[in-house]
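Here is the structure we will look at, set down as structure tokens.
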Amino acid sequence: MSDKPVIITDQATDQSLELPVIRGTEGDPTLDINKLYKNLGYFTYDPGFAATASCTSDITFIDGGKGILRYRGYPIEQLAEKSTFVEVAYLLLYGELPANDEYEAFRHDITYHTMVHEKLNTFISGFHYDAHPMAMMAGVVGSLAAFYHDRMDPKDPEHRALAAKRLIAKMPTIAAACYRHHMGWPVAYPKNKLNYCERFLDMMFSVPAEPYEINPVAAKALDLLFILHADHEQNASTSTVRLVGSTGANPYACIAAGIAALWGPAHGGANEAVLNMLNQIGDVSNVPKYMAKAKDRDDPFRLMGFGHRVYKNYDPRASIIREACHEVLDDLGVDDPLLELAMELEKIALEDEYFVRRKLYPNVDFYSGIIYKALGFPTSMFTVMFAIARTVGWVSQWLEQSENPTRIGRPRQVYNGPTVRDYVEISSR
Ligand code: CMC
């Protein structure tokens, strides 16, 4: 495709308009429709934003057709193999891999902000014991805005940088506290001598009565999953964070909104839904029945962990997690029949004409739950894991937007309600 502007003509008025083509460093050409309404009087209609770029960004690149995902230019496969979550966090936030001293300074900062105000624990203890942890996370992270409101000016770069580090540091502490509240265990404070994932495992699973030994296989597996979930350009939760951020809202409130968006089963909630689905299917012999349900337009059942708005090829994250699943389960000595069931389901789906024609492949959520389960995480915590990792992406995108503020996000609509009519007194209705 060329970079020449596209000329559109309104046949009714014979008026024409040149729409400039915006080219990024990679990816499809994009038409700039900024002047369309002003010049021709038309809005554009794109429900689900399937054909709309909402911003420019330097952070993450996806080629859905080829199954490519890169953070700041680095292929996800290389980062998964060679990097760590903390290093990836630095990369996403600042655009470059850190030198030794930069890494140490960053690691120090996100380690020494891990504690939360004791009053926050009081807040958590106010929830019912069986509250869903994602509901708690949205509430508790949002409440951080109350703790830091007066000292947080989103226009101040130093304040923004501090909020970003605080959020990355405190998310595991809050997540573990939500879980422990459900379990009825006392709060476990962060141990700063541990690394990011070890510390989280310790806060999740240690109990005062027993020494807790961190399994390095578990810490490494968690680190890998966090790398793979760290960012995914303008997905629903990230777009939510950006939209809320465009109003100048407090960043903790922006991230709470992102958590709420992530929770839905069409988005991050799918990892929990996949495990529930696999349990529901129960046995390989039931796969044909559920495949038929997934293909039936009148049945709301969908194959969870399958399909993606952008990937029309194997999600590269799913390939890495599928591989890791075998290794982690082997290393931990876990034999989970759900892995075999998931692989059989994948095999059948990938050969099925319905899935082939629609280019529906396993996505990041298809296999991740099996690893989380092997590490001892309950199903209800799966999306919380996603939220911890994605916080890095959310704050990176929020920082990028805050550095070059755009106008407030404000979509338009096609109004289909009643046209003007006169008010009728209640006695006459
Ligand atoms: N099972 C059965 N049919 C499906 C599925 C599925 N998982 N996904 C899409 N389809 C069908 C859909 O019914 C439609 O068929 P038709 O053309 O006959 O109407 C076609 O494929 C296109 O689907 P769509 O709903 O228009 O696609 P979308 O881009 O709007 O939705 C999606 C993408 C991820 C929400 C969807 O594929 C889905 O619901 N998948 C299951 C939930 C899931 O795994 N979500 C996690 C996504 S990846 C991680 C993340 O984003 O957090």
One residue is enough: does the stretch 329-340 have a residue meeting the conditions modelled with pLDDT under 95, part of a helix (DSSP H, G or I), closer than 30 Å to ARG297 by Cβ and touching a strand residue (DSSP E or B) at 6+ places or on another chain (Cβ under 8 Å)?
no
Of the residues in the stretch 306-331 that are more than 16 Å from the ligand (Cβ to nearest atom) and hydrophobic (A, V, I, L, M, F, W, C), the one that is nearest to GLU81 (Cα to Cα) is ALA324
Got a sec? Which of TYR148, TYR189 is modelled with pLDDT under 95, over 21 Å from ALA389 (Cβ atoms) and surrounded by fewer than 20 Cβ atoms within 10 Å (Cβ to Cβ)?
TYR148
Look at the stretch 171-190 and say how many of its residues are assigned to a helix (DSSP H, G or I), touching a residue at least 40 places away in the same chain (Cβ under 8 Å) and over 18 Å from VAL241 (Cα atoms).
9
What are the residues in the stretch 109-119 that are more than 24 Å from the chain's Cα centre (by Cα) and surrounded by 12 or more Cβ atoms within 10 Å (Cβ to Cβ), if any?
TYR112, HIS117
For the stretch 382-429, give me each residue that is part of a helix (DSSP H, G or I), surrounded by fewer than 10 Cβ atoms within 10 Å (Cβ to Cβ) and not hydroxyl-bearing (Ser, Thr, Tyr).
GLU403, ILE426
For the stretch 153-186, which positions are of a type in the set (D, E, K, R) and farther than 21 Å from ASP130 by Cβ?
ASP153, LYS155, ASP156, GLU158, ARG160, LYS165, ARG166, LYS170
How many residues of the stretch 1-31 are farther than 21 Å from GLN397 by Cβ, assigned to a loop (DSSP other than H, G, I, E, B) and not basic (Lys, Arg)? The answer is 10
Does the stretch 235-243 include one or more residues that are within 13 Å of the ligand (Cβ to nearest atom), crowded, with 21+ Cβ neighbours inside 10 Å, of a type outside the set (Val, Ile, Thr) and farther than 28 Å from TYR90 by Cβ?
no
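Yes/no per residue for (1) of a type in the set (Val, Ile, Thr); (2) without any contact (Cβ under 8 Å) to a residue 40 or more places away in the chain:
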residue: TRP263; (1), (2): no, no
residue: ILE281; (1), (2): yes, no
residue: ALA292; (1), (2): no, yes
residue: ARG297; (1), (2): no, yes
Which ones in the stretch 26-66 are among the acidic types (Asp, Glu) and more than 27 Å from ALA12 (Cβ to Cβ)?
GLU26, ASP28, ASP58, ASP63
The helices (runs of 4 or more DSSP H) lying wholly within the stretch 201-313 that contain at least 2 residues that are within 23 Å of ALA387 (Cβ to Cβ) are 216-229, 236-245, 251-262, 270-281
Can you pull out the residues in the stretch 354-381 that are part of a helix (DSSP H, G or I), within 12 Å of the ligand (Cβ to nearest atom) and β-branched (Val, Ile, Thr)?
VAL356
Report, ordered by the first and then the second residue, all pairs with beta carbons closer than 6 Å, sequence separation of six or more or different chains, a first member in the stretch 209-226 that is without any contact (Cβ under 8 Å) to a residue 24 or more places away in the chain, and a second member that is assigned to a helix (DSSP H, G or I) and among the aliphatic types (A, V, I, L, M).
ILE214/LEU201
Only one residue in THR9, THR30 is at pLDDT 95 or above, over 30 Å from ASP223 (Cβ atoms), among the β-branched types (Val, Ile, Thr) and over 27 Å from the mean Cα position of the chain (by Cα), so which one is that?
THR9
Scope the stretch 67-108; condition buried (at least 19 other Cβ atoms within 10 Å of the Cβ) and of a type in the set (Val, Ile, Thr); matching residues:
ILE76, THR84, VAL86, VAL88
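The values are calculated or read from the model by the stated rules, or taken from the named source; none is laboratory data. From a predicted model like this one, the values you see are computed outputs, not experimental measurements. Virtual Cβ from ideal backbone geometry, glycine too; neighbours counted across all protein chains shown.
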